[in-house]
Amino acid sequence: MPLSILLPMVVLGIAAIAVLLHLLGLSRRATLPDVAAARAAWLREFPTDAPIHVTLCDNRSAALIATETGRGVVWPMGADTTARYLTGARLTATSSGLRLDLPDYTAPCIHIALDSDEAAAWQDTLKETA
């Protein structure tokens with residue numbers, strides 16, 4: 001098959017798949033609908049460290065996790081979630097919430113959208129355990 005036909009077929013095929021996934025809602029960003037979902041997301045990453053306490057943010061985009069070994073955070077990364085411990089993290093308040101700088105090259109910086117009261121509460125909680 002000539003390249004002049006094959007190239008447009010491939011490009012249009014990939015574009016059609018992307019549009020179809022978007023129309024089916026499969027490109028939507030993940031959310032944490034409840035505490036059980038946040039707990040399950042944490043346990044997918046760290047199955048041997050069960051959460052003791054889960055604080056879900058109001059917009060359901062992240063959760064602060066307390067375990068016996070320390071604190072962590074669960075947040076969406078695309079259509080799935082991921083989790084990290086907050087050991088050695090630096091907190092910075094931003095206009096849209098909190099910025100967490102982690103000593104982890106796989107997730108060096110996390111931006112969590114929180115209102116100002118919620119961001120202050122998260123900061124107080126994290127400072128208590130630091």
Using only Cα atoms and rounding to the nearest 10 degrees, what angle (0 to 90) does helix 35-45 make with the longest principal axis of the chain?
70
Using r as the Cβ-Cβ distance of ALA16 and CYS109, and R0 as 35 Å, what FRET efficiency do you calculate, to the nearest 0.05?
0.50
Mind ranking 95-104, 4-13, 74-83, 55-64 by how tightly packed they are, going by the mean number of other C-beta atoms within 10 angstrom, highest first?
55-64, 74-83, 95-104, 4-13
Across region 88-97, in residue order, what do the Karplus-derived ³J(HN,Hα) couplings come to in whole Hz, using 6.51 cos²θ - 1.76 cosθ + 1.60 with θ = phi - 60° and x for Gly and Pro?
x, 6, 10, 9, 9, 6, 10, 5, 10, x
Given the candidates LEU126, LEU114, LEU86, the one whose Cα lies deepest towards the positive end of the charge dipole of region 35-127, counting +1 at each Lys or Arg C-beta and -1 at each Asp or Glu C-beta, is LEU86
Amide H partners (placed H, <5 Å) of THR82, local residues excluded
TRP75, MET77
Between SER95 and LEU7, what is the label-to-label distance in nm when each label sits 7 Å out along the Cα-to-Cβ direction?
4.3
Structure-based [θ]222 nm, the chain - -39500 (n - 2.57) summed over DSSP H runs of at least 4, per residue, nearest 500
-11500 deg cm²/dmol
For the chain, longest principal axis from Cα atoms; helix 3-23 axis from its Cα atoms; angle between them, nearest 10 degrees, is 40
In degrees from 0 to 90, rounded to the nearest 10, what is the angle of the helix 116-129 Cα long axis to the longest principal axis of the chain?
60
Which of the trypsin sites (Lys or Arg not before Pro) found in region 1-54 are in a DSSP loop and have at most 14 neighbouring Cβ atoms, other than their own, within 10 Å?
ARG28, ARG29
Of [x] 155; [y] 120; [z] 107, which is the value of volume of the Cα convex hull per residue in Å³ derived from the coordinates here?
[x]
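We did not get these values from a lab; they are worked out from the coordinates using the rules stated. Every value quoted in this text rests on a predicted model; they were computed, and no experiment measured them. Neighbour counts are summed over all protein chains in view; Cβ atoms, including those assigned to glycine, are modelled from backbone coordinates with ideal geometry.
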